[in-house]
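J.: Have a look at the structure that comes next, please.
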Amino acid sequence: MTTKLMNPLLGILFLGLSLSGSAQLAATPPMGWNSWNHFASKVTDADVRTAADALVASGMRDAGYIYVNIDDTWEGERDSQGMIHSNAKFPDMKALADYVHSKGLKLGIYSSPGPKTCAGYEGSYGHEDQDAQTYASWGIDYLKYDNCSFRNIIKEQAGDDVAKAKELQQAAFKKMYLAITKTGRPIVYSYCQYGRYAVWNWAAQDGGNLWRTTTDIKDTWDRMSVIGFQQAGLERFAGPGHWNDPDMLEVGNGGMTRDEYQVHFSLWAMLSAPLIAGNDLGKMTDETKAILMNRDVIAVDQDSLGNQAKRVWTEGPLEIWIKHLAHGKVVLAFFNRGESEMLVNASTPVLRDFWNRQFKNLWTKGELNLGSKTKIDVLSHGVVMLRQE
C-alpha cells in the first residue's frame, strides 16, 4: 500500500489550539457559509439571519455547516475612542451573534490589516487590539482577515525588496493573531492574502487556522479547476488546525453544470479544504442540496486524520488523486478535465496496491471491486470518487 506522507509540521505546537487549551480550533476544515459570493456588498442583518435559518431548515447545519460568515461591508465608523461600530445594515451585532448562536451555529466576521477593506470600509490597521476585543465582546467565532489596502503599505515601505515585503506581511497577520489571543476567546483565524509570499510556509506558526492559497474563485469551470488542481504539492502543509484554502464554494450559483459542481465539491473534499458555501441558501435546488449535503463526500473532507490528497498520476486531461483516511482506508478520485468522456485503466501501476479491494462510489453509491482489468468511465468535466470499504 502507498505509504502516508508525514506532515513536517507534526511536532510543532499548533497555534490553532483553543485558547482555553481544552480543544483544538479547526481540528477539521471549517464548514459553513459566507455572504460574499451571492450578496456581495448588499448583505444585511436580515440576510444573515435568513441564512442561519436556512442552514438549519435545509439540514446543512446537521451535515456540518456551522459557520455563518459576514464578509465585507458591515463596518461603520470608529468613535472618539477608536472603537469600531457596525453600520446601519447591522444595527446590533451582539444581538445578531446571539441569534446565530441560538440556532446552534457560529458567527464569523471580516476585516483587513490595512486602513481600508477591499470595499473601502474601515479596516483594522492601528486598531488590532481594540477590534479583537470588540469581536470577542460581540461573540464572534471566526475572523476572515483580508489583505487589500495593506498591499499599499507594503509597497510604500518595502518597494521591490521581497524579503522586507514578506516580513511586513507576516507581521501584520501575526499582530491580529496576538490580539485575538489576548481576548481569551477561541476565534478561528482565516488568512486571506491570496497565497502571497508562499503563505503556506509560515501561516500556521503565526496563528493561521486556514490561509488562502490563490486569488478569488469565480463560478466558472476554468477558474474553479485552475485554482483547485494547482493545490497539488501543498499537501504537506495541511493538517488538523491549519488548512490550505482555495477559496469558497460556488456550488449552486449557476455558472457550472452538475458534473462540474461535483468535481468542485469532490476536489475540495479531497484537498481537506474548508467547505464554505457561497450560494443563496433560501433558493437551493434539490440538485444543489444533493451536492452540498453528500454525507459521504463531506466525511472525506472532515476525516480526523486531516490528510490532504496527493495527485499521483496524470495522462492528458485525466488525473488520479489519493487521500489517506483514518483507520488505514483510502479514497481514490479520478478527474477528467477534458472535453470528452474517457476511460482510466486500473492496470496503471499507481493503483496496483488497491486491486481486489472493495470500493464505494460516493456519487452513485454503487459498489466496485477494483481489479487489474477494471476500466473506470469518467465523464467530461467529471469525477469518479471511490472510498475503500
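J.: For the range 279-309: of the residues being charged (D, E, K, R) and part of a loop (DSSP other than H, G, I, E, B), which is surrounded by the fewest Cβ atoms within 10 Å (Cβ to Cβ)?
T.: Looking only at the range 279-309, we keep the residues that are charged (D, E, K, R), and these are 280, 283, 286-287, 289, 295-296, 301, 303.
Filter again for part of a loop (DSSP other than H, G, I, E, B), leaving 280, 303.
On the way: Asp280: 18, Asp303: 20.
Across the range 279-309, the extreme among qualifying residues is Asp280.
J.: Quick check on the range 89-126: of everything there that is aliphatic (A, V, I, L, M) and surrounded by 18 or more Cβ atoms within 10 Å (Cβ to Cβ), which residue is nearest to Asp62 (Cα to Cα)? Quick ask: steps written out before the conclusion?
T.: Just the residues of the range 89-126 that are aliphatic (A, V, I, L, M), to begin with: 93, 95-97, 100, 105, 107, 109, 119.
Remaining after also requiring surrounded by 18 or more Cβ atoms within 10 Å (Cβ to Cβ): 93, 96-97, 100, 105, 107, 109.
Numbers: Met93: 25, Leu96: 21, Ala97: 19, Val100: 15, Leu105: 10, Leu107: 16, Ile109: 22 Å.
Only one residue tops the list, namely Leu105.
J.: Could you say which residue among Asp98, Asp160, Asp72, Asp53 is over 24 Å from Leu210 (Cα atoms), at pLDDT 95 or above and either in a loop (DSSP other than H, G, I, E, B) or among the small types (Gly, Ala, Ser) (or both)? Spell out how you get there, then give the answer.
T.: Numbers: Asp98 fails: either in a loop (DSSP other than H, G, I, E, B) or among the small types (Gly, Ala, Ser) (or both); Asp72 fails: over 24 Å from Leu210 (Cα atoms); Asp53 fails: either in a loop (DSSP other than H, G, I, E, B) or among the small types (Gly, Ala, Ser) (or both).
Just one listed residue meets the conditions, Asp160.
J.: Confirm whether Tyr65 is buried (at least 16 other Cβ atoms within 10 Å of the Cβ) and under 27 Å from Lys218 (Cβ atoms).
T.: On the way: buried (at least 16 other Cβ atoms within 10 Å of the Cβ): yes; under 27 Å from Lys218 (Cβ atoms): yes.
Considered against the rule, which asks whether it is buried (at least 16 other Cβ atoms within 10 Å of the Cβ) and under 27 Å from Lys218 (Cβ atoms), Tyr65 comes out as yes.
J.: Among the residues of the range 241-255, what is the count of those that are more than 10 Å from the chain's Cα centre (by Cα) and surrounded by 22 or more Cβ atoms within 10 Å (Cβ to Cβ)? Break it down into steps so the answer makes sense when it comes.
T.: Narrowing the range 241-255 to residues more than 10 Å from the chain's Cα centre (by Cα): 241-242, 250-255.
Of the ones still in play, those that are also surrounded by 22 or more Cβ atoms within 10 Å (Cβ to Cβ) are 241-242, 250-252.
Adding up the residues that qualify gives 5.
J.: Another question about this same structure. Does Val263 qualify as being touching a strand residue (DSSP E or B) at 6+ places or on another chain (Cβ under 6 Å), under 23 Å from Leu210 (Cα atoms) and in a helix (DSSP H, G or I)?
T.: Values: touching a strand residue (DSSP E or B) at 6+ places or on another chain (Cβ under 6 Å): yes; under 23 Å from Leu210 (Cα atoms): yes; in a helix (DSSP H, G or I): yes.
So Val263 fits the description; yes.
J.: Looking at this structure, is Gly228 surrounded by fewer than 24 Cβ atoms within 10 Å (Cβ to Cβ), part of a helix (DSSP H, G or I) and under 12 Å from the mean Cα position of the chain (by Cα)?
T.: Working: surrounded by fewer than 24 Cβ atoms within 10 Å (Cβ to Cβ): yes; part of a helix (DSSP H, G or I): yes; under 12 Å from the mean Cα position of the chain (by Cα): yes.
In short, yes.
The values are calculated or read from the model by the stated rules, or taken from the named source; none is laboratory data. Source: prediction; values computed, not measured. Ideal geometry is used to build each Cβ from the backbone, glycine not excepted, and the neighbour counts take in all protein chains shown.
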